[in-house]
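Heads up, the thing below is written out as structure tokens.
Each value in this text was obtained by applying a stated rule to the coordinates, not by laboratory testing. Please read these numbers as outputs of a predicted model, since none were measured by experiment. Cβ atoms come from the backbone with ideal geometry, glycine included; neighbour counts cover every protein chain shown.
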């Protein structure tokens, strides 16, 4: 049975990665290309899709303004170029999307923001609010402060991490290549293009070559690393050549690309990940709360009778019912000390109890796996 290629036009939450070579040409910013991309983004938004753009280009733009030479730059010069380029990059997206009535936001992240639990949750919450408000976030690595040990190093892997963070169902890497080949098509005339990769195997990974662009950092190896992250999070990923003026429409209409297929949808993958985590504490709840959880509701502090364990915000905990049975596992939104203070109280009492506004739920239903009876 042939694998079914995802329909980009049907994406519910789409992350698009834009490579530097597409956005910045020899004469500077490719404004006509950016206008076409943003026209596509507006169309996807009109269809009801959430869209996140992970865009390279800040260093390439900044170095032109500062008159820096071509080729590699020392770290401090790259960071200076990024500082100048980031503001121009954000302004360019804002100007290109504004005529379509689309609001933009700049989100700068580093590798630490995905590996540190608190930073990850903060990033996820910010992106969720922005998407809920209809905003198109423009995400980039914070090159002005990131050092080698806290860098993704390329926006392919950053885009995959963002896709998993926001629970995207599709990720599109727009680059200067039109997908994965069995060998380097520039040197091997027998190289075959692979339209779909149902499973990412060692044999597939061995097909990766080296970067071919003088501007982009990410070669096929980084794209396959991104694919592994994306599909593990339930997100389908495509690699496509993006130089045409309407790149999203081109892929949706059948332009050559390589699709990597996930085993699960994003929500199922996330639930499986939560269920596999080792709990760091327990929340014991009353019968009313247990009944609410069985109906698919979030865990509110009013139904919690005992807080046990030492856990921080975002840690996995078990939810225990009145008879001592495990009802669920989830990622708690308060540290143990805070949870103990608000346990048994209504959500509207949280600001007075803690001295600052908090979240209504101890565990949101999207961050919880309920045990089947």
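Could you compute the FRET efficiency for residue 294 and residue 243, with r as their C-beta to C-beta distance and R0 at 56 Å, rounded to 0.05?
Step by step, r from the Cβ atoms, then E = 0.60.
State the three equivalent ellipsoid semi-axes of the range 277-370, derived from the C-alpha gyration tensor as the square roots of 5 times its eigenvalues, in descending order and whole Å.
18, 14, 12
Kindly express, to the nearest 10 degrees and within the range 0 to 90, the angle between helix 75-97's C-alpha long axis and the longest C-alpha principal axis of the chain.
The helix 75-97 is inclined about 80 degrees to the chain.
Assuming 0.692 mPa s and 37 °C, estimate D for the range 185-338 with Stokes-Einstein, Rh taken as the Kirkwood radius over Cα pairs, in µm²/s.
170 µm²/s
Modelled label-to-label distance, residue 253 and residue 192, 7 Å Cα→beta-carbon offset: nm?
Label-label distance for residue 253 and residue 192, simple model: 2.9 nm.
Using only Cα atoms, find the angle between the long axis of helix 155-166 and the longest principal axis of the chain, and express it within 0 to 90 degrees, rounded to the nearest 10.
Around 30 degrees separate the two axes.
Along the Cα→Cβ direction, 7 angstrom out, place labels at residue 263 and residue 100. What is the inter-label distance in nm?
Computed distance between label sites residue 263 and residue 100 equals 3.5 nm.
Could you line up 154, 308 from fewest to most neighbouring Cβ atoms inside 10 Å?
308, 154
On full extension of the chain, what length is gained from residue 337 through residue 203, given 0.36 nm per residue of separation minus the C-alpha to C-alpha distance?
Additional length available on full extension: 43.3 nm.
With mean projected area of the Cα convex hull in nm² defined as stated, name the option among (1) 21.1; (2) 18.1; (3) 24.8 computed from the structure displayed.
For mean projected area of the Cα convex hull in nm², the calculated option is (1).
Can you give me the orientation-averaged projected area of the convex hull built on the Cα atoms of the range 1-88, in nm²?
Projected area, direction-averaged: 8.1 nm².
At 222 nm, what value in deg cm²/dmol follows for the chain if DSSP H runs of at least 4 each add -39500 (n - 2.57) and the sum is divided by all its residues, to the nearest 500?
-11000 deg cm²/dmol
Before anything else, pin down the relative contact order of the range 234-290: Cα pairs under 8 Å, at least 6 apart, normalised by residue count, whole percent.
Relative contact order of the range 234-290: 40 percent.
Give me the angle, in degrees from 0 to 90, between the Cα long axis of helix 31-46 and the longest principal axis of the Cα atoms of the chain, rounded to the nearest 10.
Approximately 30 degrees, to the nearest 10.
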